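Enquirer: Have a look at the structure that comes next, please.
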Amino acid sequence: MEEVGYEVKNIKEKIGEITEFAIAKEGGNNIFKMVSEYYLVEVNNVLKEQRLEDYEKELLFKPSWIEIEKAYKTNKEKIENKSETTSGIRRETKALEKIHGTIEYKNYKVRAHEPVKNNV
């Protein structure tokens, strides 16, 4: 798992997929399309180096694990308070909404990226 830095031991099942479309930032007649797939996986407890996108590096993302229901509620609050309105948080909240009430996933955790705060 490139973002969290853990090696996947076992892919159990695909639990969802979200496809987003938007007008591309480049303009013209370009369309942006992103497909996000969600899997239930087991990871080894050996932390390896993260492989982050440039924007994730700039935000100083660090991985953490959080209960699905807590992640859902936290994201919902950020959206409702308009403190976070990126398409990423809306997409992830929609995915969490679909799985957070499902009994079989109640005891699982999801990865959550939290920016590291600068002490400047």
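Readers should treat all values here as calculations from the given coordinates under stated rules, not as data from a laboratory. Because the structure is predicted, anything quoted here is derived from the model rather than measured.
Enquirer: From the phi of every residue in region 44-59, what ³J(HN,Hα) in whole Hz does the Karplus formula 6.51 cos²θ - 1.76 cosθ + 1.60 yield, where θ is phi - 60° and glycine or proline is x?
Expert: 3J(HN,Hα) across region 44-59, in whole Hz: 6, 7, 9, 7, 10, 5, 6, 10, 9, 6, 4, 5, 5, 5, 4, 7.
Enquirer: Ordered by residue, what ³J(HN,Hα) values in Hz, to whole numbers, does region 74-81 give under the Karplus form 6.51 cos²θ - 1.76 cosθ + 1.60, where θ = phi - 60° and Gly and Pro are x?
Expert: Ordered by residue, 3J(HN,Hα) equals 5, 5, 4, 4, 4, 5, 5, 7 Hz.
Enquirer: Just list whichever of LYS57/LYS98; LYS14/LYS94; LYS25/LYS48; LYS73/LYS98; LYS12/LYS76; LYS70/LYS98 have alpha carbons separated by over 23 Å in the model shown.
Expert: LYS57/LYS98; LYS25/LYS48; LYS12/LYS76
Enquirer: 5 Å is the cut-off here: which amide hydrogens, built 1.01 Å from N in the peptide plane, fall below it relative to PHE61, excluding neighbours closer than 5 in sequence?
Expert: VAL116
Enquirer: Name the residues whose placed amide hydrogens come within less than 5 Å of the amide hydrogen of VAL41, ignoring near sequence neighbours (fewer than 5 apart) on the same chain.
Expert: So VAL41 has HN proximity to LYS12.
Enquirer: Any idea what % of Cα-Cα pairs in region 1-53 are farther than 15 Å?
Expert: It works out to 63 percent of all Cα pairs.
Enquirer: Can you work out the Karplus-derived ³J(HN,Hα) for every residue in region 8-15? Use 6.51 cos²θ - 1.76 cosθ + 1.60 with θ = phi - 60°, whole Hz, and x for glycine or proline.
Expert: Residue by residue, region 8-15 yields 6, 8, 7, 8, 7, 6, 7, 10 Hz.
Enquirer: Hey, another quick one. Near the amide H of GLN50, under 5 Å away, which other amide H atoms are found, from residues 5 or more places off or on another chain, if H is placed in the peptide plane?
Expert: Excluding prolines and chain starts, which carry no amide H, there are no hits.
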